[in-house]
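A.B. asks: One structure, pasted below without further comment.
None of the figures in this text is laboratory data; all of them are computed from the coordinates on show. Since this is a predicted model, take the numbers as computed values, not measurements. When we count neighbours, we look across all protein chains shown, and the Cβ atoms used for this are built from the backbone with ideal geometry, even at glycine.
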Amino acid sequence: MTPYIAELIGTFLLILLGNGVVANVALKDTYAGDGGWIVITTGWALAVFTGVVVAGPYSGAHLNPAVTLGLAITGQFLWVDVLPYIMSQMLGAMLGAFFVYLFYRSHYRITEDEGAIKATFCTSPAIDHRWNNLLSEVLGTFVLIFVVLYISGAQLGEVDPTPIGLGSIGAIPVAFLVWVIGLSLGGTTGYAINPARDMGPRIVYSFLYKNPGWNYAWIPVVGPVIGAFIAGGLYLLLM
C-alpha cells in the first residue's frame, strides 16, 4: 500500500458512503427515503471515519485537497507530494461516485427529481447567492482545516507520547468535526469543504446526466482552497 493508493482507496470509501447516504435519502423508493439532514450528516461523518481508518496508517488520510494544502502550508507535509495526493483523491472520488450510481441504478431510473439526482453527486446552494455561497465554503473549510491542524499536531501522554495524527485514533475526532460542520454550517451549500468530493463526482455526473452546473462548480473548489490558506496562515501565526 503506497500513500497514493491509500489516498485513492480512502477517498473512494469516503464518497461511496457519503454520496451513498445522500442517494439512500434522496432517491425514490429506498428504505431511507426522506430520512432527512441528520441521517445525511451522520452518514458523512461515519464515511470520513471509515476512509481515515483505512488510509491513515499509510498516507495520513488527507482525503481532501484542502487538508493536503493546509498541512503543506504549515510545514507538516511536503509540497512535492501535494499534486500526486490531489490526483489520487480526485480519482478516488470519481470512482466512489460511479459506484454509488451502479449500486443505486434501479432507483436512479425511477427518480424523476433532477435536483435529487444531482445532489447524490455534487453540492448546490440552497439560495443561489455566489458570494454568500463562497463564504459558506470558505468558513466551513476554515473550521475543518484549522481544527485538523491541531489534531495532526496533538499527542497523548507526556512520556513516549502517542501521536493522534489523522490515523485510526484521529479518525474519531475528525469524524465528529465533519459531523458538527454539517449540522451547523452545512445548510447553505451542502458543505462540500473538499474540492475532490465535489469536482470528482460532478465530472462523473456530467458524463451520465449532462448539465453539471459548471457555473457554480468553482465555488466548492475555490472556497475550500481559500479556507485552507486562511486556516494554515492563522495556525502558523498562533504557533
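A.B. asks: Out of Gly223, Leu149, Gly182, whose Cα points farthest toward the positive end of the dipole of the chain (charges: +1 Lys, Arg; -1 Asp, Glu; placed on Cβ)?
C.D. replies: Most positive-ward Cα: Gly223.
A.B. asks: To continue, here is another question. In the chain, once you exclude exposed GluC sites (Glu not before Pro) (DSSP loop, at most 12 other Cβ within 10 angstrom), what's the longest stretch remaining?
C.D. replies: The answer is 1-111.
A.B. asks: Mind checking which of Gly56, Ser136, Leu46 is farthest towards the positive end of the range 32-147's charge dipole, using Cβ charges of +1 (Lys, Arg) and -1 (Asp, Glu) about the Cα centre?
C.D. replies: The listed residue farthest towards the positive side: Gly56.
A.B. asks: Here's something else I'd like to know. Using +1 on the beta carbon of Lys and Arg, -1 on that of Asp and Glu, and nothing else charged, what's the dipole of the chain about the Cα centre, debye to 20?
C.D. replies: 420
A.B. asks: Another question, then. Not counting the cut sites, what is the longest span of the chain without chymotrypsin sites (Phe, Trp or Tyr not before Pro) that DSSP labels loop and that have at most 13 other Cβ atoms within 10 Å? Could you put the intermediate results ahead of the total?
C.D. replies: Working: sites that count: Tyr31, Trp218.
With chymotrypsin sites (Phe, Trp or Tyr not before Pro) excluded where exposed in loops, the chain gives 32-217 as its longest stretch.
A.B. asks: What is the calculated FRET efficiency for Val80 to Phe207, with r their C-beta to C-beta distance and R₀ = 35 Å, to the nearest 0.05? Let's see the in-between values first.
C.D. replies: Working: r = 32 Å, r/R0 = 0.90.
For Val80 and Phe207, the calculated efficiency is 0.65.
A.B. asks: Would you mind getting me the FRET efficiency between Arg130 and Thr2? Use the beta-carbon distance for r and R0 = 45 Å, nearest 0.05.
C.D. replies: Approximately 0.70, to the nearest 0.05.
A.B. asks: Given the Cα-Cα distance of Met87 and Arg109 and 0.36 nm per residue of separation, how much length would full extension add, in nm?
C.D. replies: Details: separation 22, 0.36 × 22 = 7.92 nm, distance 3.09 nm.
Fully extending the segment from Met87 to Arg109 adds 4.8 nm.
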